[in-house]
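The values are calculated or read from the model by the stated rules, or taken from the named source; none is laboratory data. Please read all numbers here as calculations on a predicted model, not as lab measurements. Virtual Cβ from ideal backbone geometry, glycine too; neighbours counted across all protein chains shown.
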Amino acid sequence: MEFLPVSPESLSRAAGILRSGGLAAFPTETVYGLGADAYNSAALVKIFEAKNRPRFDPLIIHIAAVETLEDAADLSLLDKETRRKLFLLSEKLWPGPLSIVLPKSGKIPGIATAGLSTAAIRFPAHDAAQKLISLAGGAVAAPSANPFGALSPTRAEHVRDGLGGKVDIILDGGPAQIGVESTVLDITNGNIKILRHGGTPKEAIESLIGAVQDGSFSAAEAAGSMVSPGQLKSHYAPRTPLSVFTAEEIPHLPCEKDAAYLFFDNFSRDLWIKKQNTAANNCLNSGKELNDTVIRVLSPCGKAAEAASFLFETLHELDLSGILRIFAQFAPEEGLGAAINDRLRRASA
Ligand code: TXA
Ligand code: MG
């Protein structure tokens, strides 16, 4: 396994590996991806094996130019109105953290899409990712570069720790800027649906194409149904048990020994600390100094985008720290807050 910083040389080396059917992990603006040539079935099998991913969970196909979209997708199967919406979405939100589910072209092997007639396609907004995809032939299938069910990698080191020996090359492009995966939007039938909340807020999509349905994990859980394979509850989980709490629950949140507390903003943290200093059954009384309690804040001023960028990073760190439980606060449900809350709900499974 090679572990190299992004450079013209390492990009062409990784592209060569992809072209010859190998696996290359690479940075994107959301999380690191585990890439294989999207047109090569034998290479695609290796992705499922490396991640220990069930074959029924389809991959995202990454492209590096809108002009190549029709190599991967068959747009003739969309009606005129849907094509108009696709045009708006691709013009305004690509490149970016949005995967659009479209009818797949005949060139994409069935294994990439778990036998579905559709494929989720994404044009990432990351220079190294774009270069790699172009050099590798224009279409790279890439799930997040983590073992199935585990936390997504936001740093090259996370990939090395999780998949090390199973990847031919890891390109290190530093920490991922957005830090949660792309939004998955299904436009293949009349009811346009968000299948996974992610880096593109629902509000940004709706401002372009009008109201969309919520078919995400959170909505499906509330309705007692499951729609997309990616809605498996055990996704995105740290090894440490995680419990979630709302802002309203802060005054009643216990202070447990060997637990870590992950707050959305400084205001929430300060409120809890104040309560702990006055509560009868607090950390101080239980013989543990509050100063020793592991406390993290995702965004001091309460900005959801900033919080998202530190979410997986912080969970990875806490997972390695030996604490026994994580208490994590839900974000306000707007903007990237929806993606944060979706990951926290699943992590608490
Ligand atoms: O940000 C991202 O999307 C990252 C980076 C690497 O691009 N990739 C990623 O891939 O998160 P993955 O495999 O971890 O998640 C793909 C999600 C899954 O929830 C999967 O079920 C859904 O996309 N998906 C893929 N193809 C689909 C399809 N044809 N229909 C419905 N859902 C699909
Ligand atoms: Mg994933």
* **Which numbered condition ARG196 fails, given (1) charged (D, E, K, R); (2) surrounded by fewer than 19 Cβ atoms within 10 Å (Cβ to Cβ); (3) within 16 Å of ligand 2 (Cβ to nearest atom)** => (2)
* Would a scan of the range 141-150 turn up a residue that is on the phi > 0 side of the Ramachandran plot, assigned to a loop (DSSP other than H, G, I, E, B) and within 14 Å of ligand 2 (Cβ to nearest atom)? -> yes
* Asked: Can you spot a residue in the range 151-158 that is touching a Leu at 6+ places or on another chain (Cβ under 8 Å), away from ligand 1 (no atom under 11 Å from the Cβ) and outside any loop (DSSP other than H, G, I, E, B)?
  -> yes
* If you check ALA65, ALA128, which single one turns out to be within 13 Å of ligand 1 (Cβ to nearest atom) and of a type in the set (Gly, Ala, Ser)? -> ALA128
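Every residue, every condition in (1) at pLDDT below 90; (2) under 20 Å from SER348 (Cα atoms); (3) of a type in the set (Gly, Ala, Ser), yes or no:
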| residue | (1), (2), (3) |
| --- | --- |
| ILE194 | no, no, no |
| LEU208 | no, no, no |
| ASP214 | no, no, no |
| PRO229 | yes, yes, no |
| SER234 | yes, yes, yes |
| PRO241 | no, yes, no |
| HIS252 | no, yes, no |
| PHE264 | no, yes, no |
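A quick yes/no check of all residues on (1) within 26 Å of VAL6 (Cα to Cα); (2) part of a strand (DSSP E or B):
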site: PRO175; (1), (2): yes, no
site: GLU181; (1), (2): yes, no
site: VAL184; (1), (2): no, yes
site: ILE194; (1), (2): no, yes
site: THR200; (1), (2): yes, no
site: GLU203; (1), (2): no, no
site: GLU206; (1), (2): no, no
* Counting just the residues of the range 111-126 that are of a type in the set (Val, Ile, Thr) and in a strand (DSSP E or B), which one comes out surrounded by the most Cβ atoms within 10 Å (Cβ to Cβ)? -> ILE121
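Is it true that GLY96 is more than 16 Å from ligand 2 (Cβ to nearest atom) and either over 14 Å from the mean Cα position of the chain (by Cα) or among the hydroxyl-bearing types (Ser, Thr, Tyr) (or both)?
No; evaluated as a whole, the condition is false for this residue.
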